[in-house]
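Asker: Quick one: the structure is below, and I'll ask about it shortly.
Where a number appears in this text, it was derived from the coordinates with a stated rule and is not lab data. Source: prediction; values computed, not measured. As a convention, Cβ positions derive from the backbone with ideal geometry for all residues, glycine included, and neighbour counts pool all protein chains shown.
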Amino acid sequence: MLLDPNEPHPVGSRRCDSTSPVVFVCEHAGNLLPRRCGDLGVSEGDMTRHIAWDVGAFRVAELMAERFDAPLVWQRYSRLVIDCNRHLGAPSLIPEVSEATPIPGNFRLFQNERRARIAEIWQPFQDEVGALLERRAARGLPTLLVAMHSFTPVYLGRTRPWHVGFLPGAITWPSLALYDALKPSGTLTVALDQPYRIDEYDQTIPVHGDARQIPSTLVEIRNDLIADEEGCREWCDLLGDALDSVLATASPAASVF
């Protein structure tokens, strides 16, 4: 056992019966640590950094879900315990080093400790997202899956100049359409496949999106832009307006979903 009965459930969800065409997920919403994990050997300061969670991403996801009256599923525990956007075979599923910071509590884990993290945190999140998408499919609801993330402005000493990046899966049109909707502003540095590319170690887009042939995109916002409520609301407005324009041209009647 990893989580005590009185510890927070790893998965949160809202509006799962909504008929909105958008479903939001936030895999790195929280930075909680199970009591049995102690502090993982990580300082309090480091637990507030991007290595532990996606700063601001949950608040933007929350605001976006409210705007679109859409389902939202999120995960409360730190990605340092286990990363819910990584395939079970990914080397970074339970990282021993994140960026350049060692995570001593993840060194030489026993198999039963690894299995407990998978069973009690990773699997419930996958089950919740998967069940939601399957129920929507059974109801004949069109779905656009949007995974909300944030990234650090500097990684391993390299500056990342983008304000926002859209990462496509096998179905590329959502990312391309959002990129096209924001790019003409002239005030934003908008990118595709930045600050990284989705690969075989990712989970949400390949497994929950591509494998079900659900249009999907992973949104990465630079975290210094959403470090406070004002920034989160500003980005909800920017992304919300862009998503409105995308949905207007990607209706079920247009046979895009």
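Asker: Which value at 222 nm does the chain reach when only helices count, each DSSP H run of 4 or more adding -39,500 (n - 2.57), with the total divided by all residues and rounded to the nearest 500 deg cm²/dmol?
Answerer: Mean residue ellipticity, 222 nm, calculated: -8000 deg cm²/dmol.
Asker: Across 5 Å bins from the origin, how do the percents of Cα pairs in region 140-243 run, short distances first?
Answerer: Reading upward from the zero bin: 2, 12, 23, 24, 19, 13, 5, 1, 0, 0.
Asker: Can you give the net charge of the other residues whose Cβ lies under 15 Å from the Cβ of ARG139, counting K and R as +1 and D and E as -1?
Answerer: +2
Asker: Quick one: among ALA211, ALA29, ALA138, which has the greatest mean-square fluctuation in a GNM of the chain with alpha-carbon springs under 10 angstrom?
Answerer: Among ALA211, ALA29, ALA138, the largest GNM mean-square fluctuation belongs to ALA138.
Asker: Looking at region 11-247, what % of its DSSP beta bridges pair antiparallel, to the nearest 5?
Answerer: So the antiparallel bridges amount to about 45 percent of the total.
Asker: Hey, in the GNM for the chain with a 10 angstrom Cα cutoff, which one of ALA52, ALA119, ALA70 fluctuates hardest?
Answerer: ALA119
Asker: Further, regarding this structure: Got a sec to turn the phi values of region 186-203 into Karplus ³J(HN,Hα) couplings, 6.51 cos²θ - 1.76 cosθ + 1.60 with θ = phi - 60°, whole Hz, x for Gly and Pro?
Answerer: x, 9, 10, 9, 10, 9, 10, 6, 9, x, 7, 10, 5, 9, 5, 8, 6, 10
Asker: Okay, moving on. Between the DSSP loop rule and a limit of at most 10 other Cβ atoms within 10 Å, which GluC sites (Glu not before Pro) in region 164-232 are left?
Answerer: Qualifying residues, ordered by number: GLU200.
Asker: Positive end of the dipole of region 11-247, charges at C-beta (+1 Lys, Arg; -1 Asp, Glu), about the Cα centre: which of VAL164, GLN111, VAL23 has its Cα farthest in that direction?
Answerer: Value: GLN111.
Asker: Using every Cα-Cα pair within region 9-56, state what percent have a distance larger than 15 Å.
Answerer: Within region 9-56, distances greater than 15 Å cover 57 percent of Cα pairs.
Asker: State to the nearest 20 debye the size of the charge dipole of region 11-247 about its Cα centre, where the only charges are +1 on K and R beta carbons and -1 on D and E beta carbons.
Answerer: In total the dipole reaches around 560 debye.
Asker: So, one more: Taking Cα atoms, how many degrees apart are the long axis of helix 173-182 and the longest axis of the chain, rounded to 10 and kept between 0 and 90?
Answerer: Relative to the chain, helix 173-182 is tipped by roughly 80 degrees.
Asker: Something else now. At 7 Å along the Cα-to-beta-carbon direction for both GLU7 and GLU99, put a label point, then send me their distance in nm to one decimal.
Answerer: 2.5 nm
Asker: Another question, then. Can you tell me which of ARG76, ARG233, ARG158 moves the most in a GNM of the chain? Springs connect C-alpha atoms under 10 Å apart.
Answerer: Checking each option, the largest mean-square fluctuation is seen for ARG158.
Asker: Expressed as a rounded percentage, what relative contact order does the chain have, with Cα pairs under 8 Å and six or more residues apart?
Answerer: 23 percent
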